[in-house]
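Notes follow the structure.
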Amino acid sequence: MSALSVSATFAAAEFQTPSIEYSKLMPMLIVFGVALVGVLIEAFMGRTGRHQVQLILSIAGLVAAFVSVTMLAGDNQIAAVGAVAVDGPALFLQGTILLLAIPGVLTMAERSLDRGGVFTSAGSSTPGSEHERVLTATGVTQTEVFPLTMFAVGGMLLFPAANDLLTMFVALEVLSLPLYLLCGLARRRRLLSQEASLKYFLLGAFSSAFFLYGIALLYGYSGTVRLSGIAEAVSSNSGSDTLLMTGTALLAVGLLFKVGAAPFHSWTPDVYQGAPTPITGFMAACTKVAAFGALLRVLYVGLGGLAWQWEPVMWGVAILTMVVGSVVALTQTDVKRMLAYSSIAHAGFILTGLVATDTVDPDTGAVLGVSSVLFYLLAYGFITIGAFAVVTLVRDAGGEATHLSQWAGLARRSPLVAAVFTLFLAAFAGIPLTSGFTGKFAVFSAAIAGDAAPLVVIGVVMSAVAAFFYFRVVVLMFFNAPAPDGPAVAVPSPLTTVAITLSVAVTVLLGVWPTQVLDLADRASQFVR
Amino acid sequence: MPLLMPVVLACLLFAVGIFGVLARRNAILVLMSVELMLNAVNLNLVAFDVYLRDQLLAGQTFTLFVITIAAAEVGLGLAIVLLVYRNRETAQLDDLHQLREDDPGPPDVRDDTRETAAR
């Protein structure tokens, strides 16, 4: 096509000002607005009180955004000229992310466990240098973690709501880039932290290149990046199948990487272990929620007509993810690494629900594949945030004591902390009366309704394997003698206490009385197309 | 010009990028290979845009977004690589093996100062 015809195209298509429904985008606008104000505070405010102001501002922003999500509840439309979907799954996941980000930010703000907080005084200083000593002595600390976190949260809100692949790609990068940085800002064990940051960055950039190539091929196939347009092209079966298949596969690689599914999981243990623990908890919970939301939307809305093609692949990925996560976790000796493998296994369990596709519950009219995944993500997110918050409390002179041998006899030092951690491990394992059980029940029954019974059998077997390594930790904490120079359990400030209490409350509540939230997930299970 | 030529060229460029990421051991070179992959995608997007005579010019618009985001990504990536280099005096990925699968036992490192000195 020559330059002439390009300009002819321009002349032909009359330019129209796009109409943007700002009220429908309020949650994202609030979070991004708070992030920008946070950057200004970082630049212009004196260092005394900056930490408190940033903390209060972030929490207020998250709460305000959550309120605006609840006010949008029940909406089912496409906003911003087709770029953003405001529908049940998007709003449910946005609410989940905002609720999870609140305890996440609270644990990040904790300062009484480590002098000066979890994060380094200045990201650019070298550990052990004169510069660092001066900063530590004078108590100067940068607080850019708060705006960075808010940018990441904003990207996470947009990711599951993106209705075209361009918006989805931008959201993916907006959520990932701040996380790469946050991973490298630990005060203790800075070299590990920076190594985690570099590994996460390189593998993340590598995977988003695959994601992007997939988008380009799907664009070549359908001539549009809008999910509904791709769905139309798939149903009318126009265009080259090669482009469609390779595009779908490459797009899935990018999304499965973010989800942490095998065989694209190799970054997870390294990054989860090296990153500062509050960031690990935030990342493990919120990124997974956002990425599963985007995966659901792409597979159901954009490529729903292709389900018979991608379903067998997702079966394979789900089985591999469950097996790798559960089996490799058995050999782990580091708590954070073990929780990382457990998060891989949970990604597999969630994928079993996703495989149920469009199976509709005859009683409630809920799309089972969506509603079960929504509920599982909420339950799993709170267990994860809580478990990682507990890990920050077990400390020795070198900072957090994450080696499992150091956790022996922890119940003698602090029965309460050991009991809380046991609750989280029981919920991970899916013991009844915890949210983990309800979540597993939901995804497995969805998979059975979707004729994926063999997958459920493997899921149950792998849950049993996973229960073994969870309870090994429980036995270690309760029935082993503590080492004389072992770590102590630090008493946190109210910030972490609130975060852990909130997680415990949600974990127990969703286990004992899940009806309301299950109903909500059922009602929120329809994608707008 | 037939569509096949730019698409195959983009595919080859992408493959060269993948090879670079997998074969290079220097973080900067890996970063450059990732950029090569992104630019292969850009070529693809523009080629499809022109071939499809897209009224909305979605492919070209997308390319502008990719260029912007790739620039942000490089800025951030170089900062991280620089930080690692300043602390370890190497940007070789093979030397970054503190985070790994086998069990080194409980760390006896008591503070960051000694961690740096032990290097």
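The values are calculated or read from the model by the stated rules, or taken from the named source; none is laboratory data. Just so we're clear, the structure is a prediction, and the values are computed from it rather than from any experiment. Please note: Cβ atoms are built from the backbone with ideal geometry, for glycine as well, and neighbour counts cover all protein chains shown.
Structure summary
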item: Residue tally, condition touching a Gly at 6+ places or on another chain (Cβ under 6 Å), facing another protein chain (nearest Cβ under 9 Å) and among the small types (Gly, Ala, Ser), over the stretch A:196-207; result: 2
item: Residues that are part of a helix (DSSP H, G or I), more than 23 Å from A:ILE78 (Cβ to Cβ) and out of contact with any Phe, Trp or Tyr (no Cβ under 7 Å at 6 or more places or on another chain), drawn from the stretch A:217-237; result: A:LEU217
item: Long-range neighbours under 6 Å by Cβ, at least six apart or interchain, first residue within 24 Å of B:ASN44 (Cα to Cα) within the stretch B:61-84, second charged (D, E, K, R) and assigned to a helix (DSSP H, G or I); result: B:ILE69/A:GLU173
item: Among residues of the stretch A:99-131, those that are more than 20 Å from A:SER197 (Cα to Cα) and not small (Gly, Ala, Ser), counted; result: 12
item: Filtered residue count, the stretch A:223-246, keeping only those that are more than 9 Å from every other protein chain (Cβ to nearest Cβ) and surrounded by 21 or more Cβ atoms within 10 Å (Cβ to Cβ); result: 4
item: Qualifying position, being facing another protein chain (nearest Cβ under 7 Å) and either surrounded by 24 or more Cβ atoms within 10 Å (Cβ to Cβ) or out of contact with any helix residue (DSSP H, G or I) (no Cβ under 9 Å at 6 or more places or on another chain) (or both), among A:TYR272, A:TYR219; result: A:TYR219
item: Residue within the stretch A:315-324 that is crowded, with 24+ Cβ neighbours inside 10 Å, at pLDDT 95 or above and under 28 Å from A:GLY123 (Cα atoms) present; result: no
item: Residues satisfying the stated conditions in the stretch A:501-518, i.e. in a helix (DSSP H, G or I) and free of Cβ contacts under 8 Å to residues at least 24 places away in the same chain; result: A:THR501, A:ALA505, A:THR515, A:GLN516
item: From the options A:THR392, A:THR364, A:THR402, residue that is buried (at least 22 other Cβ atoms within 10 Å of the Cβ) and touching a Lys or Arg at 6+ places or on another chain (Cβ under 9 Å); result: A:THR402
item: Test for A:VAL370: is it touching a Pro at 6+ places or on another chain (Cβ under 6 Å) and in contact (Cβ under 8 Å) with a residue 12 or more places away in the chain; result: yes
item: Filtered residues of the stretch A:184-195 (kept if more than 9 Å from chain B (Cβ to nearest Cβ) and either surrounded by fewer than 24 Cβ atoms within 10 Å (Cβ to Cβ) or among the hydrophobic types (A, V, I, L, M, F, W, C) (or both)); result: A:LEU185, A:ALA186
item: Enumeration of residues in the stretch A:392-417 that are in a strand (DSSP E or B) and on the phi < 0 side of the Ramachandran plot; result: A:VAL394, A:ARG395, A:ASP396, A:GLU400, A:HIS403
item: Condition check for A:ILE97: modelled with pLDDT under 95, within 25 Å of the chain's Cα centre (by Cα) and closer than 23 Å to A:ALA294 by Cβ; result: no
item: Qualifying residues in the stretch B:8-30 (those that are within 7 Å of another protein chain (Cβ to nearest Cβ) and in contact (Cβ under 8 Å) with a residue 40 or more places away in the chain) - the one surrounded by the fewest Cβ atoms within 10 Å (Cβ to Cβ); result: B:ALA27
item: The stretch A:418-454: number of residues that are of a type outside the set (A, V, I, L, M), at positive phi and either surrounded by fewer than 17 Cβ atoms within 10 Å (Cβ to Cβ) or not in a loop (DSSP other than H, G, I, E, B) (or both); result: 1
item: Any pair with Cβ under 6 angstrom, 6 or more apart, that starts in the stretch B:89-100 at a residue that is more than 8 Å from chain A (Cβ to nearest Cβ) and closer than 14 Å to B:VAL30 by Cα and ends at one that is surrounded by 14 or more Cβ atoms within 10 Å (Cβ to Cβ) and among the small types (Gly, Ala, Ser); result: B:ALA91/B:ALA27
item: Some residue of the stretch B:38-46 being part of a helix (DSSP H, G or I), surrounded by fewer than 17 Cβ atoms within 10 Å (Cβ to Cβ) and within 20 Å of the chain's Cα centre (by Cα); result: no
item: Options B:THR90, B:THR63; residue that is farther than 30 Å from A:ALA329 by Cβ, assigned to a helix (DSSP H, G or I) and not hydrophobic (A, V, I, L, M, F, W, C); result: B:THR63
item: Conditions (1) modelled with pLDDT of 95 or more; (2) of a type outside the set (Asp, Glu); (3) surrounded by fewer than 24 Cβ atoms within 10 Å (Cβ to Cβ): number failed by A:THR333; result: (1)
item: Selection from the stretch A:326-357 of residues that are closer than 16 Å to A:LEU377 by Cβ and of a type in the set (Gly, Ala, Ser); result: A:SER342, A:SER343, A:ALA345, A:ALA347, A:GLY348, A:GLY353, A:ALA356
item: Residue among A:SER121, A:SER129 that is surrounded by fewer than 23 Cβ atoms within 10 Å (Cβ to Cβ) and within 29 Å of A:LEU57 (Cα to Cα); result: A:SER121
